[in-house]
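K.L.:
What follows is a single structure, and I will ask about it in a moment.
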Amino acid sequence: MLRKTIACAPALLLCVCGGSHIVMAEEGQGVEDRIFTLGEIVVEDNSGVQDIAISNTITAEEIKAVGATTAAEALRYVPGINIARTTKGELNINLQGFSQKDVLILIDGVPYYETQNGPLDLQQIPAAIIGKIEVTKGASSVLYGPNALGGVVNIITQKGVEGVAGSAGLELGDGGYHRGVATLNYGHEGGFSILGTIDYTSRDNLSFSDDYEPQATSIRGMGRSLYIVDAGGDKDNSDLESLNLWTRLGFQFTEDAELYASLYRFDMERGRPFSDSHNKRFYESATSAAFTTFGRYDKYEDTGIDLGGKVRVSDWITFRGLAFYHKHTDEYVSYEDWTMTTPLAVSTWDDDSHGASFFTDMDLNRFGTLSLTAQYREDKHRQRGDEHFPWSDSESDISTFAAENTVTFGQITAVAGISYSYFDAEKIDNASGYNTETLDPMIGITWVGESGVELFGSIAKKTRFPTFSDMETDGVIFILDPEKNVNYTIGAKYRLFGKSMVSLSGFYNDVTDRIAESQDAAGNDIMTNLDEVEIYGVEFTSGTDITDRLSTRLDYVYTHARNVSAIRANQYIEDVPEHQGIADISYRIPVVEAVLNVRGNLKLNNVVNDEDGYMEDSFVIDLSLIKEFDKGYSLSAYVYNLFDEDYYEGTGMASNGLSFKVLAQYNF
């Protein structure tokens with residue numbers, strides 16, 4: 001299927017982007033001068049919430065500087081975020097102590113997720129479509145709806161430009177890595193616009209650090225013997241091939257009315273890299289299919305369409321709307337062991353999600369701005385353990401109503417909001433489900449002094465409803481309450497000497513009814529709401545433009561995350577470094593006029609196994625050198641893990657060693 005899509009991809013982009021009358025932009029007019037904001041008011045949070053919460057923005061320039069090719073890589077140097085490779089081979093984030101299941105991932109304001117487990121594989125989202133990323137921790141807007149227990153990551157796609165613009169790039173690296181990406185844009189302010197992107201990536205393998213020592217481990221379902229499943233060097237079963245197609249079309253009827261649509265297809269085939277401590281093998285039984293952790297995804301497809309629009313009907317009222325339909329299909333082949341020679345089963349997941357959100361924004365003069373929203377979404381998940389097993393079906397829907405008001409009194413801005421959500425699990429693994437509801441208020445204030453100092457604080461209650469995998473284990477259905485978190489945030493921002501932006505914030509999270517796996521008296525696995533978690537810490541960020549050529553960034557985050565339940569298996573929360581330090585130096589080298597970027601990421605006391613509390617320390621340095629030439633040409637070189645650091649970035653998932661790549665690109 002991937003090869004068929006690859007063959008058709010160039011024709012698709014040409015048909016989509018070439019079917020309009022195209023006029024080249026005026027010569028000498030740069031792309032930055034031609035950017036317009038079709039759809040921007042629809043997809044970004046226009047309330048004052050980002051001012052009362054801890055937030056970070058990752059720009060397209062920063063994404064290029066780190067050489068990110070996916071959304072996961074683009075988030076690697078955000079303070080408070082830890083990227084971990086799961087035992088499924090996915091790249092997931094942990095945000096200030098919250099796993100990705102507890103973080104709402106949005107693309108242009110539309111939720112992106114996996115219906116069964118929750119977290120979306122962020123390797124699926126190509127960096128080529130990203131204009132910027134807004135990360136909000138704690139008190140995110142109630143207009144986003146539920147499932148933002150720890151925060152929100154809103155990926156905002158590239159905007160169109162006046163006239164014609166585009167790019168073509170080729171990347172080559174070690175491990176048989178190569179990537180080709182192309183974009184083509186046509187836009188007209190006050191009319192039609194279109195932006196298309198093709199991104200193809202292939203690699204033969206990832207590699208261990210030279211210091212990696214193979215681990216002999218037991219395999220669940222294979223007795224007490226110890227096995228080494230990967231001897232080091234090149235990582236076995238870590239190949240990948242992906243093709244991503246993304247198109248955004250829009251039409252601006254007037255200055256007060258616009259409509260846009262985003263269409264995408266993300267197609268991937270990849271191996272599942274082996275863990276050296278978390279492996280299992282189960283043969284087929286009368287009630288369940290065979291399954292092993294030694295497998296590969298021969299099919300991993302996401303297809304969808306997002307619609308958005310707005311109309312301003314008067315000076316004081318604007319209507320906005322979003323709608324989406326997303327479909328996911330994957331086929332996972334389980335093999336008998338790590339030699340990958342004898343297939344045992346082909347499991348299939350087939351998901352679809354659709355929904356709509358409607359907003360009313362009102363300018364009430366001295367009473368501030370009031371936004372109201374009504375939202376609905378429905379999720380369906382089908383799966384079977386093998387081709388000769390019956391399908392298991394699950395269905396749920398969420399309805400949300402929310403209001404948020406932002407009022408300014410002189411130097412003080414106050415934001416207050418409340419949302420009501422109703423969750424109906426209609427069907428869980430072919431069985432009847434249940435329903436539950438939640439009410440989530442929030443309030444925050446910002447004060448800006450005449451000197452420029454800014455103080456902010458907020459209190460917010462957030463909720464995450466259970467996923468299908470939370471509510472069912474081995475055919476047993478569990479009635480679960482939603483997870484709840486009350487977040488407290490306080491902070492200050494100030495620009496020192498007109499050159500340094502400094503921010504210092506403190507946060508405290510009181511998580512109750514946390515969903516966790518446990519065991520009953522008979523030793524059977526069960527899901528419960530028993531866990532209570534306490535997460536608190538501080539975040540310091542600073543960015544300084546020392547000269548026109550030299551800039552620096554220094555960040556530090558302290559996070560204390562512990563399970564404080566009276567009945568708990570252990571106290572540790574996985575993939576949460578207690579100390580994180582980030583340093584970034586950017587220098588434009590005279591004469592050659594190339595930009596050298598040096599980045600360091602220090603993590604101390606990072607819990608990589610919550611069962612025994614095992615912690616890792618790591619310090620990784622990445623380099624990039626970017627040279628822009630005349631007429632739109634550029635050449636970049638990237639080195640990752642410069643000192644070949646060996647550490648774990650997830651349960652039994654050893655880090656990648658030293659690697660490199662080069663990128664040649666042409667922009668017009």
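K.L.:
What length, rounded to one decimal in nm, is gained on full extension from TYR325 through to VAL486, with 0.36 nm per residue of separation minus their alpha-carbon distance? Could the numbers behind the result be given before it?
P.N.:
Values: separation 161, 0.36 × 161 = 57.96 nm, distance 3.15 nm.
That pair, TYR325 and VAL486, stretches by 54.8 nm at full extension.
K.L.:
Using all C-alpha to C-alpha distances in the stretch 309-408, build P(r) with 10 Å bins and read off the rounded percent in each one.
P.N.:
The distribution over the stretch 309-408 is 13, 26, 20, 16, 12, 9, 4, 0, given as percents.
K.L.:
Quick one: Debye curve from the alpha-carbon atoms of the stretch 349-420 only, equal weights, vacuum; give me log10 I(q)/I(0) at q = 0.12, 0.14, 0.18, 0.21 Å⁻¹ to two decimals.
P.N.:
-0.53, -0.61, -0.77, -0.89
K.L.:
Take every Cα pair under 8 Å in the stretch 83-174 that's 6+ residues apart, average their separations, divide by the length, and report that relative contact order as a whole percent.
P.N.:
Numbers: 128 pairs, mean separation 27.7, N = 92.
The value is 30 percent.
K.L.:
What lysines sit close enough to LYS427 to cross-link, taking a C-alpha to C-alpha distance under 18 Å and skipping anything fewer than 8 places away on the same chain?
P.N.:
Output for LYS427: LYS380.
K.L.:
I'd like the FRET efficiency for ASP210 and ALA637, computed as 1/(1 + (r/R0)^6) with the beta carbon distance as r and R0 of 22 Å, rounded to 0.05.
P.N.:
Details: r = 21 Å, r/R0 = 0.97.
The formula returns an efficiency of 0.55 here.
K.L.:
For the pair ASP520 and SER565, what calculated FRET efficiency results from E = 1/(1 + (r/R0)^6), where r is the Cβ-Cβ distance and R0 = 25 Å, to the nearest 0.05?
P.N.:
Efficiency, from the Cβ-Cβ distance: 0.95.
K.L.:
Using only C-alpha positions, report the orientation-averaged shadow area of the convex hull of the stretch 206-328, nm², one decimal.
P.N.:
Directional mean of the projected Cα hull area for the stretch 206-328 stands at 13.5 nm².
K.L.:
When ligands, DNA and RNA are left out and all protein chains stay put, how many square angstrom of accessible area per residue does the stretch 311-466 have with a 1.4 Å probe?
P.N.:
Details: 7240 Å² over 156 residues.
Heavy-atom accessible area per residue stands at 46 Å².
K.L.:
Looking only at Cα atoms, what is the convex hull volume of the stretch 480-608 per residue, in Å³?
P.N.:
Numbers: hull volume 17.3 nm³, N = 129.
With only Cα atoms used, the stretch 480-608 gives 134 Å³ per residue.
K.L.:
Identify the GluC sites (Glu not before Pro) of the stretch 442-505 meeting these criteria: DSSP loop state and at most 10 other C-beta atoms within 10 Å of the C-beta. Mind showing how you got there, number by number?
P.N.:
Details: sites: GLU450, GLU454, GLU472, GLU483; in loops: GLU450.
Those satisfying the criteria are GLU450.
K.L.:
Still on this model: For Cα pairs less than 8 Å apart in space and 6+ apart in sequence, what is the mean separation divided by the residue count of the chain, i.e. the relative contact order in percent?
P.N.:
Details: 1916 pairs, mean separation 78.6, N = 668.
It comes to 12 percent, rounded to a whole number.
K.L.:
Got a number for carbon plus sulfur as a percent of the chain's accessible area, 1.4 Å probe? Present the calculation step by step, with values, prior to reporting the outcome.
P.N.:
Values: 15970 of 28370 Å².
Result for the chain: 56 percent of the exposed heavy-atom area is carbon or sulfur.
K.L.:
Could you pull out the pairs from LYS64/LYS603; LYS493/LYS661; LYS132/LYS661; LYS327/LYS603; LYS159/LYS631; LYS280/LYS461 whose alpha carbons sit more than 27 Å apart here? It would help to have the intermediate numbers written out before the result.
P.N.:
Working: LYS64/LYS603 23 Å; LYS493/LYS661 37 Å; LYS132/LYS661 23 Å; LYS327/LYS603 37 Å; LYS159/LYS631 22 Å; LYS280/LYS461 38 Å.
Those over the limit are LYS493/LYS661; LYS327/LYS603; LYS280/LYS461.
K.L.:
If the cut-off is a Cα-Cα distance under 12 Å, which aspartates and glutamates reach LYS299, setting aside same-chain residues fewer than 8 apart in sequence?
P.N.:
Those aspartates and glutamates meeting the cut-off are GLU241, ASP267, GLU269, ASP330, GLU331, ASP350.
K.L.:
Let me ask something else about it. May I ask you to evaluate 6.51 cos²θ - 1.76 cosθ + 1.60, the Karplus curve with θ = phi - 60°, for each residue of the stretch 204-219 and list the ³J(HN,Hα) values in order in whole Hz, giving x for glycine and proline?
P.N.:
Ordered by residue, 3J(HN,Hα) equals 8, 6, 8, 9, 6, 5, 5, 8, 5, 10, x, 10, 7, 9, 7, 10 Hz.
K.L.:
Got a number for the accessible area of TRP349? Probe 1.4 Å, square angstrom, nearest 10.
P.N.:
That residue has around 40 Å² of solvent-accessible surface.
K.L.:
Here's something else I'd like to know. So what's the stretch 127-276 giving for Cα Rg divided by 2.2 N^0.38 Å, two decimals?
P.N.:
Working: Rg = 22.1 Å, N = 150, 2.2 N^0.38 = 14.8 Å.
Rg over 2.2 N^0.38 Å, computed on Cα atoms: 1.50.
K.L.:
Another question about this same structure. In the stretch 528-668, if the dipole is taken from +1 on Lys/Arg beta carbons and -1 on Asp/Glu beta carbons about the Cα centre, which of ALA566, GLY652, TYR556 is farthest to the positive end?
P.N.:
It is TYR556.
K.L.:
Can you give me the solvent accessible area of HIS560 with a 1.4 Å probe, rounded to the nearest 10 Å²?
P.N.:
Estimated to the nearest 10 Å², HIS560 gives 40 Å².
K.L.:
If you keep only loop residues by DSSP, which trypsin sites (Lys or Arg not before Pro) in the stretch 440-537 have at most 14 other Cβ atoms within 10 Å of their Cβ? Let's see the in-between values first.
P.N.:
On the way: sites: LYS461, LYS462, ARG464, LYS484, LYS493, ARG495, LYS499, ARG514; in loops: LYS499.
Of the trypsin sites (Lys or Arg not before Pro), the ones in loops of the stretch 440-537 whose Cβ has at most 14 other Cβ atoms within 10 Å are LYS499.
K.L.:
Hey, quick one: spin label on LEU455, modelled 7 Å out along Cα-Cβ, who in the stretch 493-507 has an amide N within reach, i.e. under 13 Å?
P.N.:
493
K.L.:
Above 21 angstrom, tally the Cα pairs of the stretch 436-545 and express them as a % of all pairs, no decimals. Let's see the in-between values first.
P.N.:
Values: 3279 of 5995 pairs.
So the portion of pairs separated by more than 21 Å is 55 percent.
K.L.:
Right, something else. Within the stretch 555-618, list the GluC sites (Glu not before Pro) lying in a DSSP loop whose Cβ has at most 14 other Cβ atoms in a 10 Å radius. Could you put the intermediate results ahead of the total?
P.N.:
Working: sites: GLU574, GLU578, GLU593, GLU611, GLU616; in loops: GLU574, GLU593, GLU611.
Filter output for the stretch 555-618: GLU593, GLU611.
The values are calculated or read from the model by the stated rules, or taken from the named source; none is laboratory data. What you see is a predicted model; the values in this text were computed from it and never measured. Backbone-built Cβ (ideal geometry, glycine too); neighbour counts: all protein chains shown. Accessible surface is based on the protein model in full, side chains and every heavy atom, while ligands, DNA and RNA are left aside. Shrake-Rupley method; radii C 1.70, N 1.55, O 1.52, S 1.80 Å.
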